[in-house]
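The values are calculated or read from the model by the stated rules, or taken from the named source; none is laboratory data. Treat the numbers as computed from the prediction; the structure is a model and nothing was measured. Backbone-built Cβ (ideal geometry, glycine too); neighbour counts: all protein chains shown.
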Amino acid sequence: MAAALLLAAAGAQAVAAADFAAERRRMTQEIDALARQTRAETGRPAFDPRVMTVMATVPRHEFVPAEQIEVAYANRPVPIGHGQTISQPYIVALMTDLAKAEPGHKVLEVGTGSGYQAAVMAQLAREVYSIEIVEPLGQQATRRLRQLGYGNVQVRLGDGYHGWEEQAPFDAILVTAAASHVPPPLIRQLKPGGRMVIPVGAAFMVQQLMLIEKNPDGTVSTRQILPVAFVPLTGRR
């Protein structure tokens, strides 16, 4: 009887794994279709194949609350508690693609949330430093990332507006919450030649996803990518 129960449990786990793999394939197909539809705004008719491979690999269902697992791979934001969300998969892929992380890069993320964006970036960059201001989310994300084997991600509790100065400069910075303006500390911590992707605009309104590029001489250039809706960046200014 015990052996039969173990076999049944193993079979159920195999079916669940296959189901999640199929859901990830469907999700990446939707991302690819949206990339083509938004090519005029983003300038990207298709995302980097490395990004798409990672999107098809990272187990998004591990980063949502148990009661939300059925919609883990839906192409929309999912609530994760404390007034926060895990971003729409297409937006995660877009921001990751715009960052252009390379295997030797050091990346800063402002707004750890569930840890999903950090997990995606961890498979593309050498090191990921992520800051979360909501203590329970930061603690949960730290445990989750450790359990899933993302050893090149460090999570810190704190105000991401000020960045992570002792680990700067960064090759790329991702901000996963909307700011009223681009934080000057983050610009300072961006390496020349680096790229920052950040939603800018009023809280709970439509914002603009911005690409900030730091030139070799230290000047910056900015480009609006497309309208987005993110939860607000919190903390002291």
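Could you list, in sequence order, all residues of the stretch 173-194 that are crowded, with 20+ Cβ neighbours inside 10 Å and in a strand (DSSP E or B)?
I173, L174, V175, A178, A179, L190, G194
Consider the stretch 212-230. How many of its residues are at pLDDT 95 or above, buried (at least 19 other Cβ atoms within 10 Å of the Cβ) and under 19 Å from L108 (Cα atoms)?
2
Looking only at the stretch 210-231, count every residue that is assigned to a loop (DSSP other than H, G, I, E, B), over 15 Å from the mean Cα position of the chain (by Cα) and of a type in the set (G, A, S) and tell me the total.
Summing the residues that are assigned to a loop (DSSP other than H, G, I, E, B), over 15 Å from the mean Cα position of the chain (by Cα) and of a type in the set (G, A, S) in the stretch 210-231 gives 1.
Could you tell me which numbered condition A203 fails, if it satisfies all but one of (1) among the aliphatic types (A, V, I, L, M); (2) part of a strand (DSSP E or B); (3) surrounded by fewer than 20 Cβ atoms within 10 Å (Cβ to Cβ)?
Exception for A203: condition (2).
In the stretch 168-184, is there at least one residue being charged (D, E, K, R) and without any contact (Cβ under 8 Å) to a residue 40 or more places away in the chain?
No, the stretch 168-184 has no match at all.
Give the residues of the stretch 7-43 that are β-branched (V, I, T), part of a helix (DSSP H, G or I) and modelled with pLDDT of 60 or more, sorted by residue number.
T28, I31, T42
Consider the stretch 44-84. How many of its residues are touching a residue at least 24 places away in the same chain (Cβ under 8 Å), not aliphatic (A, V, I, L, M) and not in a helix (DSSP H, G or I)?
Going through the stretch 44-84 one residue at a time, the tally reaches 11.
Would you check if G113 is at positive phi, free of Cβ contacts under 8 Å to residues at least 60 places away in the same chain and surrounded by 16 or more Cβ atoms within 10 Å (Cβ to Cβ)?
In short, no.
Answer yes or no: is there a residue in the stretch 133-152 that is more than 13 Å from A99 (Cβ to Cβ) and assigned to a strand (DSSP E or B).
Taking every residue of the stretch 133-152 in turn, none turns out to be more than 13 Å from A99 (Cβ to Cβ) and assigned to a strand (DSSP E or B).
Hey, among the residues in the stretch 59-94 that are closer than 20 Å to V175 by Cα and in contact with a Lys or Arg (Cβ under 8 Å, 6 or more places away or on another chain), which one's surrounded by the fewest Cβ atoms within 10 Å (Cβ to Cβ)?
Among residues in the stretch 59-94 that are closer than 20 Å to V175 by Cα and in contact with a Lys or Arg (Cβ under 8 Å, 6 or more places away or on another chain), the one surrounded by the fewest Cβ atoms within 10 Å (Cβ to Cβ) is Q88.
With Q189, Q208 as the choices, which residue is of a type in the set (S, T, N, Q), in contact with a helix residue (DSSP H, G or I) (Cβ under 7 Å, 6 or more places away or on another chain) and within 22 Å of M121 (Cα to Cα)?
Result: Q189 is the single residue among Q189, Q208 that is of a type in the set (S, T, N, Q), in contact with a helix residue (DSSP H, G or I) (Cβ under 7 Å, 6 or more places away or on another chain) and within 22 Å of M121 (Cα to Cα).
Between a residue in the stretch 156-167 that is farther than 11 Å from G111 by Cα and any residue that is of a type in the set (F, W, Y) and at pLDDT 95 or above, which pairs come within a Cβ distance under 7 Å, given they are 6 or more apart or on different chains?
Listed pairs, sorted by first residue: W164/Y129; Q167/Y129.
Considering only residues that are part of a helix (DSSP H, G or I) and in contact (Cβ under 8 Å) with a residue 60 or more places away in the chain, which ones fall in the stretch 85-96?
Hits for the stretch 85-96 are P89, Y90, I91, A93, L94, M95, T96.
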